[in-house]
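> Please read through the structure below; I'll follow up with questions.
Read the figures in this text as sums done on the coordinates, not as results from a lab. This one's a predicted model, so the numbers in the text were calculated from it and none came from an experiment. Using ideal geometry, Cβ is built from the backbone for each residue, glycine included, and neighbour counts are taken over all protein chains shown.
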Amino acid sequence: MTSGASPSPAAASPAAASPARSQARFLRALRREPVDATPVWFMRQAGRALPEYRAVRERATLLEITRDPALCAEVTLQPVRRLGVDAAILFADITTPLAGMGVAFDIVEGRGPVIEHPVRTSADVAALRPFEPEVAVAPLLEAIGLIRGASPVPLIGFAGAPFTLACYLVEGGPSRDFPRTKALMHAEPETWAALLDHLVGATIAYLRAQAAAGAEAVQVFDSWVGGLSPLDYERRVWPHMRRLFDGIADLGVPSIHFGVATAGILALQASAGGDAIGLDWRIALSHGRHLVGDRAVQGNLDPTLLLGPWEGTEEAARWVLEENDRRPGHVFNLGHGVLPGTDPDHLRRLVELVHDHGASR
Ligand code: CP3
């Protein structure tokens, strides 16, 4: 397995300063340049499936890992070593920056992030503190430098998108239908706009700090945006996403714009920004490509396949590759994150299958 990137002696410097690394097949695919093999990585590749991750978790919680640069770097690199993926993704949660905005929360085992005092009024929004990455997430930024020095493949920085972060802030925890979030959006559009505005500013600052520390690409996770009608997306979310992507456009690192169940809003999402658009498994990749136009795409295998027999994964992975038809600008991924209980050997075989499929046109 080759990564397409040679380890760079200037590994601690920002991405743009390092020409060899910029030729990695993951970054070439995001720029829609030809590749020797389709690059592949997996959302949620670091936690969940790996025994070496579970061993770390016996002595440290998620929050502790993200506050310990060496441990955070170690966990980020575990899937690179075991699976042979073409990119590393910084180990953190989308809620990690919230503490720096004055929001107290906990990650509850088996449930997810729980916010102590949900944000539901204009006074709650006004009380959010400006986000200063160098103060709020210094250990994470230090981890990025360590990962850059040790990783043979590019490092992806990431942030939750304002809508998806707002879902947690307003509901107070995980939710299926986001009723309070949508109620706020419709009943108090000005409060909603102020909340998203604050989150956009924070997210721009957070992603800029990650790129300055050495992240070579960034992904914006708008995981729950597929719950919105195209009308609400266009009116209540799109302008904020546009401002977000405008705010990182000069960074010189490519961006990936991801959501789940987004078949109905893909063209709108693409028009808000992102060098690559994430596709989930509910849409054929060729159809998704058609909707997003001249962008790279990332996806889009159903992650539940990996819980079943290998043959099911193999068949669907070949279908995804055939749907792409060797066009440049495809990063292979799952349509959403690796599920708990996934066999790491299936992930490793999937990486091999994608690489063995060969070059783009
Ligand atoms: O899955 C996605 O949609 C990606 C975006 C996202 C992350 N966290 C990124 C992440 C979302 C929506 C979350 C929220 C969250 N945080 C949940 C989901 C709750 C819900 O609403 O259904 C949960 C369970 C958490 C807590 C959490 N985050 C844990 C326990 C861990 C450790 C590892 C694991 O997966 O169990 C995380 C890590 C995490 N969250 C990562 C990322 C990108 C780093 C791991 C990786 O991607 O490799």
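> Along the Cα→Cβ direction, 7 angstrom out, place labels at Glu52 and Ala183. What is the inter-label distance in nm?
Roughly 4.7 nm, to one decimal.
> In nm, to one decimal, how far is the Glu311 label point from the His117 one, both placed 7 Å along Cα→Cβ?
Label at Glu311, label at His117, 5.8 nm between them.
> For the chain, what is the mean residue ellipticity at 222 nm derived from helices alone (per DSSP H run of n ≥ 4: -39500 (n - 2.57); sum divided by total residues; nearest 500 deg cm²/dmol)? Each step should come with its number before you reach the end.
Values: 16 runs with 157 residues, N = 361.
When only DSSP H runs of four or more count, the value is -12500 deg cm²/dmol.
> Continuing with the same structure: Of Ala127, Ala24, Ala193, which has the largest mean-square fluctuation in a 10 Å C-alpha GNM of the chain?
Sorting by GNM fluctuation, first place goes to Ala127.
> Which FRET efficiency value, to the nearest 0.05, is calculated for Leu63 and Arg361 with the Förster distance at 51 angstrom and r the Cβ-Cβ distance?
Efficiency, rounded to the nearest 0.05: 0.65.
> Which angle from 0 to 90°, rounded to the nearest 10, does the C-alpha axis of helix 310-324 make with the longest principal axis of the chain?
Approximately 80 degrees, to the nearest ten.
> Continuing with the same structure: Can you tell which of Leu306, Leu228, Phe258 lies farthest toward the positive end of the dipole of region 14-356, using +1 and -1 charges on the Cβ of basic and acidic side chains (Lys, Arg; Asp, Glu)?
Result: Phe258, furthest along the dipole toward the positive end.
> Which order, highest average first, do 259-267, 150-158 follow once you tally other Cβ atoms within 10 Å for each residue and take the mean per peptide?
Numbers: 259-267: 20.3, 150-158: 23.8.
Result, highest mean first: 150-158, 259-267.
> Under unit Cβ charges (Lys, Arg +1; Asp, Glu -1), what dipole magnitude, rounded to 20 debye, does the chain have relative to its Cα centre? Working shown, then result.
Numbers: 34 positive and 41 negative charges, 81 e Å.
Once rounded to the nearest 20, the dipole reads 380 debye.
> Filter the trypsin sites (Lys or Arg not before Pro) in region 139-229 down to the DSSP loop ones having no more than 14 other Cβ atoms within 10 Å, then list what survives.
Numbers: sites: Arg148, Arg176, Arg180, Lys182, Arg208; in loops: Arg176.
Loop-located and lightly packed - Arg176.
> Same structure, new question: State, as an integer percentage, the relative contact order of the chain based on alpha-carbon contacts under 8 Å between residues 6 or more apart.
Dividing the mean separation by the residue count of the chain yields 22 percent.
> In whole angstrom, note down how far apart the Cα centers of region 209-239 and region 86-115 are.
What the calculation gives is 16 Å, centre to centre.
> What is the distance, in nm, between label points placed 7 Å from the Cα along the Cα-to-Cβ direction at Asp345 and at Ala194?
Here the answer is 5.7 nm between the modelled labels.
> Could you list His198, His290 in order of exposure, starting from the residue whose Cβ has the fewest other Cβ atoms within 10 Å?
With the fewest neighbours first, His198, His290 line up as His290, His198.
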